[in-house]
Amino acid sequence: MTDAHAKLTTDLEAAALRAIAQEWEHSNWNFFRGSLRRPSFGLVDSQSQMARWVRVARHIEFARTTLTDHPWGVVVEVLKHEMAHQFVDESLGRHDETAHGPAFRQVCEERGFDARAAGVPDAARVRSDEEGAVLDRIRKLLALAESPDEHEAQAAMNAAQRLMLKYNLDTVTKRTAKGYGYRHLGAPTGRVDEAQRMLAVILGEHFFVETIWVPVWRVAEGRAGSVLEVCGADENLEMAAYVHSFLHHTAEALWSLHRRRHRIQGDRDRRAYRAGVMAGFFEKLNAERANNREKGLVWVGDPALRGFYRTRHPRVRTIHRSGSAGSDAHAHGREAGRNIVLRKGVQGGSSGGGGLLGPGGG
C-alpha cells in the first residue's frame, strides 16, 4: 500500500468518484455528443486492471491504485478508454467482436483515445536516429551556453533554437496524427498565475507545441486544480518539458537574488516579478524569431498537430486576464528575463521524465 493510498479516506474516495462522474459528463458531451447514458461508478481493489466497463451492470469501476499511483490525466485517459467500450456496446451494439476489436479501435482513433488504455504517453518510445541526433546536438549547444562569455552563451542558445526551427520545418510535412502525443507539465495548481500563463505562451509560440490548461482533480487533497498540457511531436515535447522546468526554476532563483540585493522582506511582489521574468524572456525570443525570418526561416505552424490538438480538445474556450505589467516588480523581472540564456543546468523535465539531457547528460 502506497502512502497516497493510505491517505484515501472514504470521503476522499467519494469525492474522487464524483470527479470521475463529472469527467464522464464532460467527455460524453465533447466526444459522443451526449449520446451515452450515464453509468454508475465505483472503486475496487485490483492489481490486474486499471479500470473496466461492466456491460450487464452498466458500471465503470476503477482500481484504487489507478487513483493513488497515477496523476489525474491518466485517470481521464483510462476513463475515455472505458467510455469507448461503452459506446461500442450500447450505441453501436457490436457484441460480435473482441473487446479491442476493429470497432473499438476505430472509435478510439476517431476521438484520439488510447486504444491500449495505457493512459500515459509512451515515454519509452525509441526515438529515430534523426530525432536522437537532433536532441544530441541541442544538448551540446546548451552545454556551450554555459560559457561565461555572454555573447558566446547567447550565440549557443540562438543556434539551438535555429536547429529546432530548421528540424521542424524539414519534418512538419512528414508527420501524421500518430506522430503526436501529449504531456502534463508541472504539478497541478489551484490557481494559474500570470507567470504560469506566460510560460505556456512561450512554449506555444516558440517551441512547436500546442498548450492548454486542463482541469484536474487532486485526489489526495480532495480539491480541483489545473495543469498545463502540451501536445506535439516527441522531440518537441521533450524540449518543451525541459524549457518549462528550466524557466520555472530560473524565475524562482532570480526572484531570490532580487530579494537579497534589494533587501525585500516577504513575497508580496513575487508573482509580479516572476511574470516579468517570463515577459522579458518572451520578448527576447520574439527578437530572435525576427532575426530568423530575415534569414528565410519562417514557421507557419503545423496543421497536423493542430488537428491532433482539436481532436483531443474539440471544445476550447479562451479566457483573457489582465496582468501586472505596470508594477516596479514586473519591470525588474522583465529586465532580468531579457538576459536569460537557456542552459544545460536542469537535468529533468517537469513532466517527471528524464528530460532533454537524459540521465547524466553532458
key: In order through region 248-253: 3J(HN,Hα) via Karplus (6.51 cos²θ - 1.76 cosθ + 1.60), integer Hz, x for Gly, Pro   = 4, 6, 5, 4, 5, 5
query = If you count the DSSP beta bridges with both ends in the chain, what percent of them are antiparallel, to the nearest 5?
reply = 80 percent
Label point distance in nm, Glu109-Gln47, each placed 7 Å from Cα along Cα→Cβ = 3.6 nm
inquiry  = Please give me the summed charge of the neighbours of Glu294: other residues whose Cβ is under 14 Å from its Cβ, Lys and Arg +1, Asp and Glu -1.
reply    = +3
remark   = For Lys174, counting only lysines whose alpha-carbon sits under 17 Å away and dropping same-chain residues fewer than eight positions off, the answer is Lys166
task = Read through the labelled values [x] 32; [y] 63; [z] 39 and report the label of the one computed as percent of Cα pairs over 32 Å apart from the structure.
result = [z]
key: Residue exposure sequence - Ser35, Ser245 - by fewest surrounding Cβ within 10 Å   = Ser35, Ser245
ask   = What length, rounded to one decimal in nm, is gained on full extension from Val316 through to Arg191, with 0.36 nm per residue of separation minus their alpha-carbon distance?
value = 43.1 nm
remark   = Taking R0 as 56 Å and r as the Cβ-Cβ distance between Asp328 and Glu90, the FRET efficiency 1/(1 + (r/R0)^6), rounded to the nearest 0.05, comes to 0.40
ask   = Summing +1 for each Lys or Arg and -1 for each Asp or Glu, what net charge is found among the other residues whose Cβ lies under 12 Å from the Cβ of Ser147?
value = -2
query = Taking K and R as +1 and D and E as -1, what net charge do the other residues with C-beta under 11 Å from the C-beta of Gly337 add up to?
reply = +2
inquiry  = Filter Lys295/Lys344; Lys80/Lys140; Lys140/Lys284 down to the pairs with a C-alpha to C-alpha distance above 30 Å, please.
reply    = Lys80/Lys140
message = With angles folded into 0 to 90 degrees, how steeply does helix 129-144 sit against the dominant principal axis of the chain? Use alpha carbons for both and round to 10.
response = 40 degrees
note = Computed over the chain, the relative contact order (Cα-Cα under 8 Å, seq sep at least six) in percent reads 18 percent
task = Give me Leu12, Leu237 ranked fewest to most by other Cβ atoms within 10 Å of their Cβ, as a rough exposure proxy.
result = Leu12, Leu237
note = The simple spin-label model distance between Arg55 and Val201, using points 7 Å out along Cα→Cβ, in nm, is 5.1 nm
task = Kindly provide the helix-only [θ] at 222 nm of the chain, computed as the sum of -39,500 (n - 2.57) over DSSP H runs of four or more divided by all residues, to the nearest 500 deg cm²/dmol?
result = -16500 deg cm²/dmol
ask   = By how many nm would the segment from Ala21 to Arg162 grow when fully extended, if each residue of separation counts as 0.36 nm and the alpha-carbon distance is taken off?
value = 46.2 nm
query = How would you order 143-152, 166-175 from highest to lowest mean count of nearby Cβ atoms within 10 Å?
reply = 166-175, 143-152
request  = Taking amide H positions as placed in the peptide plane 1.01 Å from N, state which residues far from Arg223 in sequence (5 or more) or on other chains have amide H under 5 Å from it.
outcome  = Arg218
task = Kindly rank 287-297, 264-274 from highest to lowest mean number of other beta carbons found within 10 Å of each residue.
result = 264-274, 287-297
inquiry  = Defining a contact as two alpha carbons under 8 Å apart and six or more residues distant in sequence, what relative contact order in percent does region 3-111 show?
reply    = 23 percent
request  = Against the globular-protein guess of 2.2 N^0.38 Å, express the Cα radius of gyration of region 189-325 as a ratio, rounded to two decimals.
outcome  = 1.18
remark   = Amide H neighbours of Ala63 at under 5 Å, excluding residues fewer than 5 places away on the same chain, with H built from the backbone geometry, are Val44, Ala51
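Bear in mind that the values in this text are calculations on the coordinates, not laboratory data. All of these numbers come straight from a predicted model, not from anything done at the bench. Reconstructed Cβ throughout: ideal geometry from the backbone, glycine too, with neighbour counts over all protein chains shown.
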